[in-house]
Structures are given as C-alpha cells and as structure tokens.
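The block underneath contains the structure these notes are about, expressed in structure tokens.
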Amino acid sequence: MLTYEAFSVLSFLSSHPGCPYKDPAAESGTETYSYFAHCTEETLSKTWNFCRQNGWLTENDLLTEEGAEQLAPYRVTNAVVMAAGLSSRFAPLSYEKPKGLWRVKGEVLIERQIRQLLEAGISDITVVVGYMKEKFFYLEDKFGVKIVVNEDYYRYNNPSTLMRVLDRLDNTYICSSDNYFTENVFSPYVYRSYYSAVHTDEKTDEYCLYAEADGRIRKVTVGGGPDAWYMLGHVYFSRDFSRRFTEILKREYAEPRVREQLWEQLYMRHLDELDLYIQKYETSVIREFDSLDELRQFDGHYINNTNSAILSHICQVLHCEEREIVDITAIKSGLTNTSFRFTCRDQQYVYRHPGIGTENYICRESEAFSMKIAKKLRLDDTFIYMDKEKGWKLSHYIENPHTLDYHNPEEVGQALRMMRKLHDANIRSEFDFDIWQTTLSLIKKISDRGRQDFEDFETLFQKIRTVYRFTEEDRVEKRLCHCDCYDPNFLIGENGAMYLIDWEYSGNDDPAGDLGTFICCSDYTWEEAMAILERYFNRPLTPGELRHYIAYISIASYYWFIWAIYQESIGNTVGEYLYLWYKGAKFYANKALALYQTD
C-alpha cells in the first residue's frame, strides 16, 4: 500500500504529467501545491525522490507503467447520485420539481454535478430516482448515466436507495443530487474513504465529526459546535469500505430503524468497523440549500422569479410579489397533504398542498364548498382561499396552537358545540359523504392488495353491515358534516379560540358520524363516551337516539379501521389507531345490536 505522500505525488503527476517538483514546492496557494498541503517540504522532496528511485517516475516526472500499477487500486470506479428523496424541507419548490432539477446560477444542480464527475474522468454514473422519477429520465440520453428506480422513496430513508445499488459499490463516490460545488471536488484517484465536511463557528443541528490526528472519524454527534466540522456534501466509499458496509446493510436492513433512518446513522452504530476519514473543505466550496431564502441569498434570480406555480398562486391571492414571501418553513407532512408556513408583509400564512394520489379518494370541490361554510359559520375563520380543482389552500397561520385535549372538559365542550352548530345549520351540499359506500370502496381497494385476508374479517364486516342497516331504518336526515372530527382537527390558538380544520372528507352524511369519529379516536371508556353524547345533546338521549349514536361509533370505528388498512397498504404508517378502531368497531357494534334487537 502506498503512503499518503507517495499517493499524492503519483496521483498529481497522473493528471499533471511532467510537472517539475519545484512548482508545487515553491508556489504555495496554487492548484498544484494544494495536493501537498499535508506535507512538509522535506517530506515532499524525499517522497518525490523515493518514487523516482522505485521506477514509478521517469527523470522527466512522467508516470511509468510501474507507477500506474501502484496507483491503480485507488482509481475511482464509479459514482452513485442519490436523487430519490422528497426534499420536503425545500418547500414549496420541491412540491413541483425534485430539488436536484432546480437551476442555480444558470445550471441544473444534478447536471452540474454530473459534468464535474465526467470532467474528473468518472463516466460510470448511476442516478437513483424515486420522487417524480420521470423528470430525471432524460439524463440517460443526455449524459449516458444509468437510471435506477427506488420505489420505496416515500416510506423509507436513503438506505433504501443504497440497497438498490449494492452491487455497484466499489471505489465509489456517493453524491446527493442537490449539492452545488463551486469548484470540482472530484478526483480520478482517491486514497481512502471519507466524508466531506465544512466548519462552523456556531452551534448546529447537523451531524458533527470528531477525528483522530490521522483524520479517521472517531465520533459523530447529532448537533454540536461552536467550532465544529459537520457532514456536508459527497462521500467516498473505498473498495474495502464498500464491502464492509454492504455486509452490514444487508444484514440489518430488515430492521425498521435501519430503513427509516439515514445511512449515516447505521454508520454511526458501526463506527469501529467502518474506516471513514474526514475530508475538510472551505464553506464556500460545498453548498446545500435547505430553504428558498438560502437559495435567494446565493442566486439573486430567485428573489422575484422562481417560476413556481405555487408562489404564483400565493401572489395572486395576496396581491404581493414573490420577494415578499419569506421565512418559508415546511410543516410536518400528513398522510394526505404537505404544507408550509410563510411570512408576507408581517403576516403569517399556511399553504396546503394536496398529496400525490389524493384525488383518487378526496373530492376537492366538496372540500372547497365546505371551507366556505366553515368560514361563514365561524368554525374556521382562518380560511382565505382554496382552488377547488387543484386542491391547494391558503389560510392564516395560528400562532403556537395546540390540539384538543380529550380530557379537558372546557375544550371538549367547545368542540361539541362547534359540531352541533354545524349540524343544526342543516346545510345541504352538492356532495355526499356516504360513510358506508366509502367503506365498501376502500374494502375493494384493500381486497385488491390482499389485505382483507385475516381471520375475522368477514364476521366483522357482516356485523357492521347489520348495524348500518338498522341505522338507515332510523331515517335520519343527511346534511353537511365534517366527517373527520378528531382531536388533531380541533386547533386552539393562544387566545383560546378553537378552529375546526381539515374539511377534506366533508359532505352530506349522518350527524352521528361526526360524534362517532370523535369518540372512536379517543381513549374514552364506555361511561365517558356516553357522557360525551349527553353533552352534545345537552340532555339525556331518547332510546332511539342512544342506539343510533352508539351504532355510529361502531360504523365510524370500522370505516377508519378499513381506511387505516388502505393507508398502510400504500406505504403510510397509521400506527396504534388501527388496533384502536378495530376494537371500537367490535365493542360498539355489540352494544348497538343489543339495543336494536331488543326493540
């Protein structure tokens, strides 16, 4: 194995043939000298002579065949560019186009990086795509890259991308499609595996690196500083590192935490087994843009001209210019939407962007109608505008809100009064939300995916169908309902005002369905649930009302149970709610049937 100094001399002369020793030694700060910044002049002189004496260099400082053989194990084999992710922090531009395809200072980010790799002699390049994958396909013809599709991009983290290319890992650069390198950081030869890093004088939430004197990373912390070096930019996997890493990832990929976390976290747990060194860069060399504000600072073109349809929507509604839309912050994505908040003229707003595929089960025209009613009834006066065709929505931002506490009597009372106000308004929409027909539609979807195949599926289905038929015989008038009345959709602002938000599922239905959803999403006991019904009516229920509303707790539980199975079948994790709704459907169905069948 070559010493680092000998490698530096040989790799330098492979790209600068015949360059005499005096140039790098004498011209501190030049491109050539930067190859040897880690060497003293004495060490460099001895190493240069050593390479000549071993026949690796000619007298004219040209690389010999023997020198090329010494250098061959360090030749970069290929590069993998990770471009599958959602880049959700880069709202709103990433909602319309993958981050790697945004043009920065006249060049598309991923194209600039591919060109830099090609300039370094690295032509075997694989781009792993997922989110809006079709937008990257042109790169195959334009640059000769290979395209690999990661279909797990929306539910797993970047280990799912590396799993797709394990057979390609060798002496390999691992790159992110959204990095911008102000100078070419790639080399045809690399001595050892490394992670690039930049320095900060401030505290940071990034992954901070702590290295031994020889540069080997000995510790990684999430967050650190001031005076810290943190991970940013590309990584280089040496052949040995790739082999060890592949073994570990294959062995542990079945663990949920491995799939859901970054690959760097897997590396952190195996720090002793995986030799990775720190490669330090000036902060001006590696750029990553986590927000539109950061991009605007780097490329002034984006101050008032992003070509973003989303920002154009906002400007039209608020009668503002793009440059006035600042402080954009992504809000944690839900199962059906992504959202971000922003400031415009000292006012804060929320933009809601419909999730991919939601048009298959959410009627945005119905939602837009309901939002207008919600504003009129002062159930949600944060609402500003919604596009009934495309589904995007603009609202005022609620400062420091909290969601309803099911065990706070005052908040629960306020929520029940809001539901009653909606139901008593007796508004008819053009759109129905038939909870039973919607349930049957979802059952068809999960059946197509084989997710209805469990022991008591048919028994539970028949029981709920019987309950539903009893409720239909009660002939309760259908009217506009929220149809998703559970605690996260009741927001309470700092001033105590409550807002009933997220009207995506709203439509004409039985009012008992709203109470059913409210109760089935809680941890209420039977006694607490019955007390909620009495608080809603503000009186004891008649026998007919009691059985009807109990029945709808079971129907709502069953609907959300089937909905949850469908969500998980398409990769969205619902969690413990699924079991809660399963139990609720059984328990309240038995209670309701006992009441109906005794009459």
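The values are calculated or read from the model by the stated rules, or taken from the named source; none is laboratory data. Given the structure is predicted, the values throughout are model-derived calculations rather than measurements. For neighbour counting, all protein chains shown are included, and Cβ atoms are generated from backbone atoms with ideal geometry for every residue, glycine included. With ligands, DNA and RNA removed, areas are computed over all heavy atoms of the protein, side chains included. Shrake-Rupley method; radii C 1.70, N 1.55, O 1.52, S 1.80 Å.
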Would you please name the residue that is nearest to the chain's Cα centre (by Cα), looking only at residues in the stretch 579-590 that are surrounded by fewer than 17 Cβ atoms within 10 Å (Cβ to Cβ) and closer than 30 Å to residue 156 by Cβ? 579
For the subset of the stretch 133-153 comprising residues that are more than 18 Å from residue 112 (Cβ to Cβ) and in contact with a Lys or Arg (Cβ under 7 Å, 6 or more places away or on another chain), which member is surrounded by the most Cβ atoms within 10 Å (Cβ to Cβ)? 150
Residue ID - farthest from residue 166 (Cα to Cα), chosen from residues in the stretch 51-65 that are touching a Phe, Trp or Tyr at 6+ places or on another chain (Cβ under 9 Å) and outside any strand (DSSP E or B): 61
Could you go through the stretch 559-570 and let me know if any residue there is under 37 Å from the mean Cα position of the chain (by Cα) and part of a loop (DSSP other than H, G, I, E, B). yes
Can you tell me which residue within the stretch 533-564, out of those that are open to solvent by less than 10 Å² (accessible area, probe 1.4 Å) and among the β-branched types (Val, Ile, Thr), is farthest from residue 470 (Cα to Cα)? 562
Only residues that are under 16 Å from residue 113 (Cβ atoms) and out of contact with any Ser or Thr (no Cβ under 9 Å at 6 or more places or on another chain): list them for the stretch 184-209, please. 184, 186, 196
Out of 383, 369, 342, I need the residue that is over 28 Å from residue 424 (Cβ atoms) and either surrounded by 15 or more Cβ atoms within 10 Å (Cβ to Cβ) or under 28 Å from the mean Cα position of the chain (by Cα) (or both). Which one? 342
Would you please name the residue that is farthest from residue 89 (Cα to Cα), looking only at residues in the stretch 277-290 that are open to solvent by less than 20 Å² (accessible area, probe 1.4 Å) and assigned to a loop (DSSP other than H, G, I, E, B)? 285
Just to be sure I understand, how many residues within the stretch 127-154 are within 22 Å of the chain's Cα centre (by Cα) and touching a residue at least 12 places away in the same chain (Cβ under 8 Å)? 17
Among the listed residues 311, 274, which satisfies the condition of being touching an Asp or Glu at 6+ places or on another chain (Cβ under 7 Å) and open to solvent by less than 20 Å² (accessible area, probe 1.4 Å)? 311
When you look at residue 440, is it open to solvent by less than 30 Å² (accessible area, probe 1.4 Å) and not aromatic (Phe, Trp, Tyr), yes or no? no
Check 502, 510, 474, 514 and return the single one that is within 27 Å of residue 565 (Cα to Cα) and open to solvent by 10 Å² or more (accessible area, probe 1.4 Å). 502
How many of the residues making up the stretch 62-86 are over 19 Å from residue 120 (Cα atoms), under 38 Å from the mean Cα position of the chain (by Cα) and open to solvent by 50 Å² or more (accessible area, probe 1.4 Å)? 1
Being open to solvent by 10 Å² or more (accessible area, probe 1.4 Å), in contact (Cβ under 8 Å) with a residue 40 or more places away in the chain and not aliphatic (A, V, I, L, M) is the filter here, so list the residues in the stretch 248-269 that pass it. 250, 253, 259, 260, 261, 264
Take residue 229 and tell me if it is among the hydrophobic types (A, V, I, L, M, F, W, C), farther than 28 Å from residue 2 by Cβ and open to solvent by less than 70 Å² (accessible area, probe 1.4 Å). no
Single residue of 68, 72 found to be in a helix (DSSP H, G or I), without any contact (Cβ under 8 Å) to a residue 40 or more places away in the chain, farther than 22 Å from residue 351 by Cβ and among the hydrophobic types (A, V, I, L, M, F, W, C): 72
